[in-house]
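None of the figures in this text is laboratory data; all of them are computed from the coordinates on show. Treat the numbers as computed from the prediction; the structure is a model and nothing was measured. All Cβ positions, glycine included, derive from the backbone under ideal geometry; neighbour counts span all protein chains shown.
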């Protein structure tokens, strides 16, 4: 479900980019833009929020959402969107806004175009031809010339236009783009491969006519900010490790973040703990009524016909189980490699897969998670639904524990790289009976450090000081560092300052990694 207004979050750079393009259109230039990104990444919300926020006197922004359309259903949707937006801004909408009623009202408002509108009306009552499609697409240009205005038409899920049932539909669209002076297009598509084939292949009619903008998920910092905002409204406290788990498993995709946080907000009172996160995943992802479950099922059911569903699902399941090559997929699902090239290509075109060298990777992280952890459980002969829920909840709880352990190990390793590059002999382990994440030596210099993937409190600092004092009985410690990935309380910071303990936040860590040419640490 798209969000607008107060529920819309971030995307300021993208909205500003669209606004700059609209300014060019207002100044008489043509601008055709394509937003490309997989399902549930937020493209529709971006289109609708842009339409809501931007008001211009002489450029109208109609919105058209395409399902699996026939040529006639596309024509009706297109005509209705153009006329609705025009009458809403320049005249008065009829009490009933059917396409026919809108045509009649527009004839009253703009009688000089009556003949053309009567023709449009007649086209909607019979099977649309290629000549008829040309006239339908000319509607905004005709009205724009009469009213001295322009249109920037939003067409959502544009890849479906190519399948409306007219052989030369894409060629006709290109011709209208080239001929029209007052009409530009802002399209979006979630079948990533198909969109790139339509817009970027040299032999495609639309090649060179659109500027592509990739819409991806929230990055880590934005996703974390979003979660904190969602939890702040009911005043909920969530440990950093659980924030990280939710971000990691949802991939930062806005819809999935919304569904999980909404479920958490219904249950949590003050503090969010592991059981609440596990339950939210069960109810949203495993329960057949859960929003994410329904979304994944719709993606699958609406993408494949029943006859080919089994083969495509088996390929996707194999890849979700880390079988990323054609040979690996073939062995896993017992289908000859020669029979996999076409379905794999189709999955790329539909936006399910991307290819990295010889490896095939699932684009949607939640689909990967669902196939690996939900779909496999569904087929097991456990009759009691609650037992299935309990088993899945237990799996999620175990994942959280493993995630916490792995996250700490990875971050510690990346931090130790900094000191290896500085010429230290680096390790971790025990010193005088106390364990440290960083033990770095160079000549007579000894550095000791701790990496924390949670907010550093006074208790954490006190424990670190106690460990340091134990080590200092036999060793001269030149530098003591706490690596604070997710923040530190003021009291903890004051104590660090008093005890001469350096605090390296994520910005400092990445600055230190950049100097020797190491890539930034991305949480």
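Counted by neighbouring Cβ atoms within 10 Å, the residues 281, 436, 158 run from fewest to most as 436, 158, 281.
On full extension, the segment bounded by residue 127 and residue 178 gains 15.8 nm, given 0.36 nm per residue less the C-alpha separation.
Extension gain for residue 390 to residue 73 (0.36 nm times residue separation, less C-alpha to C-alpha distance): 109.5 nm. Label-to-label distance, residue 342 versus residue 425, with points set 7 angstrom from Cα along the beta-carbon direction: 6.4 nm. Rounded to the nearest 10 degrees, the inclination of helix 291-303 to the longest alpha-carbon principal axis of the chain is 50 degrees. Using a simple spin-label model with pseudo-atoms 7 Å out from Cα toward Cβ, residue 514 and residue 211 lie 2.7 nm apart. Ordering of 292-300, 352-360 by packing is 292-300, 352-360, highest average first (other Cβ atoms within 10 Å, averaged per residue). Give, as ranges by residue number, the residues of the range 435-467 whose backbone N falls under 14 Å from the point 7 Å along Cα→Cβ of residue 491. Correct set: 456-463. Let me know the shape class of the range 294-378, please: from the alpha-carbon gyration tensor, a ≥ b ≥ c as square roots of the eigenvalues, rounded when a/c is under 1.5, otherwise prolate if a/b is greater than b/c, or oblate. Rounded, because the longest to shortest axis ratio a/c is under 1.5. Among 180-193, 475-488, 219-232, 132-145, the peptide with the highest mean count of other Cβ atoms within 10 Å heads the list, and the full ranking is 180-193, 132-145, 475-488, 219-232. Among 439-450, 39-50, the peptide with the highest mean count of other Cβ atoms within 10 Å heads the list, and the full ranking is 39-50, 439-450. Between the Cα long axis of helix 385-421 and the first principal axis of the chain there is an angle of about 70°, rounded to the nearest 10. Listed options for Rg/Rh (Cα atoms, Kirkwood Rh) are [x] 1.01; [y] 0.98; [z] 1.06. The value calculated from this structure is the one marked [z].
Remark: the residue 135-residue 333 segment gains 66.3 nm on full extension, using 0.36 nm per residue and subtracting the alpha carbon distance. Cα centroid separation, the range 464-512 to the range 36-87: 54 Å. Shape of the range 222-360 from the C-alpha gyration tensor: prolate (a/c of 1.5 or more and a/b above b/c, with a ≥ b ≥ c the square roots of its eigenvalues).
Counted over the chain, the DSSP beta bridges are approximately 35% antiparallel. For the chain, adding -39500 (n - 2.57) for each run of n ≥ 4 DSSP H residues and dividing by the number of residues yields -16000 deg cm²/dmol at 222 nm. Compute the Cα gyration tensor for the range 220-286, then decide on rounded, prolate or oblate, letting a ≥ b ≥ c be the square roots of its eigenvalues: rounded whenever a/c is under 1.5, prolate when a/b is larger than b/c in the other cases, and oblate in all that remain. Taking the square roots of the gyration eigenvalues as a ≥ b ≥ c, the range 220-286 is rounded.
Using DSSP, restrict attention to beta bridges with both residues in the range 401-494 and report what percent are antiparallel, rounded to the nearest 5.
Among the beta bridges of the range 401-494, antiparallel pairing accounts for roughly 60 percent.
Just to verify a number: FRET efficiency for residue 469 and residue 168, C-beta to C-beta distance, R0 = 56 Å, to 0.05?
According to the calculation, E is roughly 0.10.
The modelled label-to-label distance between residue 24 and residue 53, using points 7 Å beyond Cα along the C-beta direction, is 1.9 nm.
Could you tell me how many degrees, from 0 to 90 and to the nearest 10, lie between the Cα long axis of helix 114-123 and the main elongation axis, the longest principal axis, of the Cα atoms of the chain? It works out to around 70 degrees.
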